[in-house]
Every structure is written in C-alpha cells, then in structure tokens.
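Input: a single structure, listed below in structure tokens.
We did not get these values from a lab; they are worked out from the coordinates using the rules stated. In this text the structure is predicted, and so the values were computed from the model without any measurement. Positions of Cβ are generated from backbone atoms using ideal geometry, with glycine treated the same way; all protein chains shown enter the neighbour counts.
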Amino acid sequence: MFVCTRGDTMAVLFKNADITLYNKYYDLNSDTYKYQRTVIKGVNWQGKRNGIVSDKGLLLADSTLIFIDKLNNYVSPKRFAKLSDEDRTNYFTFTIGDKIVKCEVDFEITGTKPYRPADLENEFDDVIDIKSVNSLSDHFEVEGV
C-alpha cells in the first residue's frame, strides 16, 4: 500500500497524478441526469492487468486502483444526492458508475454531442468508471475499469 504515517494520520505517499472526477446526479429542474466536475490533485494512480486462465483460454482485464487522501469537501453518496444545486458545487463524492479521468481536464459533460460521457472517453486516455470504493480512516481506495 502506498501510504505513510504523519504523526497519528496517514497520507498517500507516492502522488503521481491529478484526477478529474465526474459525479452523476439527477437534476429535478431539467428532469435529466447531469455531471459535476471536480479536480482532485495529488493522488496515487495504479493501473494493473489481471489475467485468468479458463477453459476458454486466457482472459485479460485492465483495472485501476486510486489512493486518495480524505478531503474536507467529501460527502457520502446519499448526502451528495440530497444537496441543493448551490451547495452541490462545494462537495464531491465517490459513487459506483461515476467517471474519473487521469489528469486535470476542463471538459464539461452536458449530455449533448460533443459533450456526452462517450465523448469524454473518446477524447481522453485513462477514463475509468468507478466499480468499488473503500473508505479507510485517512484515505479512499477507489477501483475502476
């Protein structure tokens, strides 16, 4: 694991990337899903390839594990969903299915071409969907594919 102790707290040790997180939320005013963009600096991004041998041969799958220090503007997914439009801009969360890009980007997902989630994936390398989130006392471990 890539964390180190500072006094009685832990911190991500090898900060090798910045990320852009896209939180999906339902907008009651427009009756549509929207995405809120948040940049998080100084995370540890680890890409890995998993292999399984089965009766069908070798199956390979890429996945990513991201270690992120806990930040004061994080809220739980349920709390994030209940925030007003005004308050939501001050917070972020990690929810299964949200998107993360490995780098700081200013691409806004609006839902219309050329600013759809699929366009994000076509425009940038290293775009993942969150598949699991492990909240530890001092940091998050976010896994995606």
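Summary of computed values
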| item | result |
| --- | --- |
| Failed item, numbered, when Arg88 is tested on (1) within 18 Å of Gly47 (Cα to Cα); (2) crowded, with 17+ Cβ neighbours inside 10 Å; (3) in contact with a Phe, Trp or Tyr (Cβ under 8 Å, 6 or more places away or on another chain) | (1) |
| Test: residue in the range 55-66 that is closer than 22 Å to Ser137 by Cβ, free of Cβ contacts under 8 Å to residues at least 40 places away in the same chain and assigned to a strand (DSSP E or B) | no |
| Residue list for the range 67-77, restricted to those being β-branched (Val, Ile, Thr) and assigned to a strand (DSSP E or B) | Ile68 |
| Residue in the range 38-51 that is closer than 19 Å to Gly144 by Cβ, in contact with a Gly (Cβ under 7 Å, 6 or more places away or on another chain), of a type in the set (S, T, N, Q) and part of a strand (DSSP E or B) present | no |
